[in-house]
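The values are calculated or read from the model by the stated rules, or taken from the named source; none is laboratory data. Everything numeric here is computed off the predicted structure, so don't read it as measured data. Methodologically, a virtual Cβ is constructed for each residue, glycine included, from the backbone with ideal geometry; neighbour enumeration extends over all protein chains shown. Protein only, heavy atoms only, side chains kept; ligands, DNA and RNA dropped before computing areas. Shrake-Rupley method; radii C 1.70, N 1.55, O 1.52, S 1.80 Å.
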Amino acid sequence: MGLIKAGLGALGGTLADQWKEFFYCEAIDNDTLMVKGQKVIGNRSSNTKASDNIISNGSGIAVADGQCMIIVEQGKIVEVCAEPGEFTYDSSTEPTIFAGNLGESIINTFKLIGKRFTYGGDTGKDQRVYYFNTKEILDNKFGTQTPITFRVVDSRINFDVDVSLRCNGVYTFRLVDPLKFYTKVGGNVTESYSKETLRDTMKTEFLSALGPALAKLSNLELRPNQIPAHTSELEVFLNEELAGEWGERGIGDVKVAINPPSLTDEDQQMLKDAQKAAMYRDPTIAGATLVGAQADAMRAAASNSAGAMTGFMGMGMAMNQGGVNAQNLFAMGQQQTAPASAADGWECACGAVNKGNFCAECGAKKPEAPVADGWKCSCGALNKGKFCAECGAKKPVGAPLYRCDKCGFEPADPTNPPKFCPECGDRFDENDAK
């Protein structure tokens, strides 16, 4: 009787699985990462006794926007689709008389009955459809339980110090590689896979990556209150840090919105003091501050309870002990801001005053100073003697020296004058030879 029941089961199951199926997936919510596809079985459908994990050849599968679909057969991924639309599965190992050549389909169906008979009437096969949520997974909150060390650097004032900050915000991510997520994380889930399953693990890993990402951000010499304005750079650094652990799971494209970090009172006061000290590096500001302090001191001296004269005497003693006055500070500031004069260097044709061999504004080369009654060597050096001071070459014999006979202009190379004098326009000829 066991063989008869197995035969009836094989026959009935095979005939029930002849119907084509239609798989779909309802809208996947923000908390679901992966869900098993469901067969559409309406009230008028005759496909009510088919096996759950069997996909007949020619079955239809719908894929919506923001979804990726895979077909798994015997635990192996055999089809992948991330393009929205309706598709027909024509590569199934489960034959049906409703698809392909009828005679061939009937033969394959009887072969399948014989195969199922060996499994006691069961299918001996597992085929599933899974859908993945490829939309941006939103509203993942984070917050630092312990302070993160952040390096505050300002090379302009030689300031370099570590502070402790706390920060919080939200981040988002996407399933960028559903196949990795299935093989590494999801597997053959019976219904769905929720992000809640990964929440604690991902939060811990995110906070671990946040520290190194902020350390890279500190290299940009940002203050802690500037971090929210540089989330694009922070996202790049976070994705680099998370590429290993999250990338192996097919998770990536991290975006973050961070609230202004909070510092300890001690660190806040230290940064304020450093900024104030840096401000006084400017003598003009220091002088203005000193003038303000002197004005306050004068008002306090005038209202001294022991008499105004006593108050002014005390103020005078304090000023004498200071070692510097406002006038000296203002003079120092003017010296620092005074533009460079041509006496300190050379003035380019563009108007810029320079000290090097090239103009800092236009890049022109520093003009060579003319040498009166001299000669220019082939190496480019100007000389007065009989030998070149740079290369030791001897002064050319018989090379005439030129000076304009009209205005007295002497060219930079007296042995090779221009055709016309740049001062008066007179033509250089043998009358100009010295």
Query raised in the report: When only residues in segment 350-360 that are open to solvent by 50 Å² or more (accessible area, probe 1.4 Å) and at pLDDT below 75 count, which is nearest to residue 392 (Cα to Cα)?
Result: 357
**Report entry** Among the residues listed as 417, 422, 411, the single one being touching a strand residue (DSSP E or B) at 6+ places or on another chain (Cβ under 8 Å), at pLDDT 75 or above and assigned to a loop (DSSP other than H, G, I, E, B)
**Finding:** 411
**Report entry** Test result for residue 244, within 16 Å of residue 210 (Cβ to Cβ), of a type in the set (Gly, Ala, Ser) and at pLDDT 70 or above
**Finding:** yes
Report summary line: Among the residues of segment 206-261, the number that are open to solvent by 70 Å² or more (accessible area, probe 1.4 Å), touching a residue at least 60 places away in the same chain (Cβ under 8 Å) and acidic (Asp, Glu) is 2
Report summary line: Within segment 169-188, of all residues that are open to solvent by less than 60 Å² (accessible area, probe 1.4 Å) and under 18 Å from residue 204 (Cα atoms), the one modelled with the lowest pLDDT is 185
Query - Qualifying position, being open to solvent by less than 10 Å² (accessible area, probe 1.4 Å) and modelled with pLDDT under 85, among 93, 48, 14, 88 - result: 14
Query - Positions within segment 184-205 being of a type in the set (S, T, N, Q) and free of Cβ contacts under 8 Å to residues at least 40 places away in the same chain, in sequence order - result: 197, 201, 204
Query - Hits in segment 58-93 (condition: free of Cβ contacts under 8 Å to residues at least 24 places away in the same chain and either among the aromatic types (Phe, Trp, Tyr) or touching an Asp or Glu at 6+ places or on another chain (Cβ under 6 Å) (or both)) - result: 84
Requested in this report: Among what's in segment 51-85 and is open to solvent by 80 Å² or more (accessible area, probe 1.4 Å) and not basic (Lys, Arg), pick the residue that is modelled with the lowest pLDDT.
Outcome: 52
Requested in this report: Pick out the one residue from 166, 156 that is open to solvent by 20 Å² or more (accessible area, probe 1.4 Å) and out of contact with any helix residue (DSSP H, G or I) (no Cβ under 9 Å at 6 or more places or on another chain).
Outcome: 166
Query raised in the report: If you go through segment 307-316 one residue at a time, do you hit one that is open to solvent by less than 70 Å² (accessible area, probe 1.4 Å) and either in a loop (DSSP other than H, G, I, E, B) or modelled with pLDDT of 60 or more (or both)?
Result: yes
Report task. Could you check, for segment 20-32, whether at least one of its residues is among the charged types (D, E, K, R), loosely packed, with under 13 Cβ neighbours inside 10 Å, modelled with pLDDT under 85 and more than 27 Å from residue 250 (Cα to Cα)? Result -> no
Query raised in the report: Does any residue of segment 293-303 turn out to be modelled with pLDDT of 85 or more, aliphatic (A, V, I, L, M), part of a helix (DSSP H, G or I) and open to solvent by 60 Å² or more (accessible area, probe 1.4 Å)?
Result: no
Query raised in the report: Is there a residue being more than 30 Å from residue 264 (Cα to Cα), modelled with pLDDT of 80 or more, of a type in the set (S, T, N, Q) and open to solvent by 30 Å² or more (accessible area, probe 1.4 Å) anywhere in segment 134-141?
Result: yes
Report summary line: Of the residues in segment 136-178, those that are in a strand (DSSP E or B) and either polar (S, T, N, Q) or more than 20 Å from the chain's Cα centre (by Cα) (or both) number 21
Requested in this report: Kindly indicate whether residue 380 is exposed (fewer than 11 other Cβ atoms within 10 Å of the Cβ) and either at pLDDT 75 or above or part of a loop (DSSP other than H, G, I, E, B) (or both).
Outcome: no
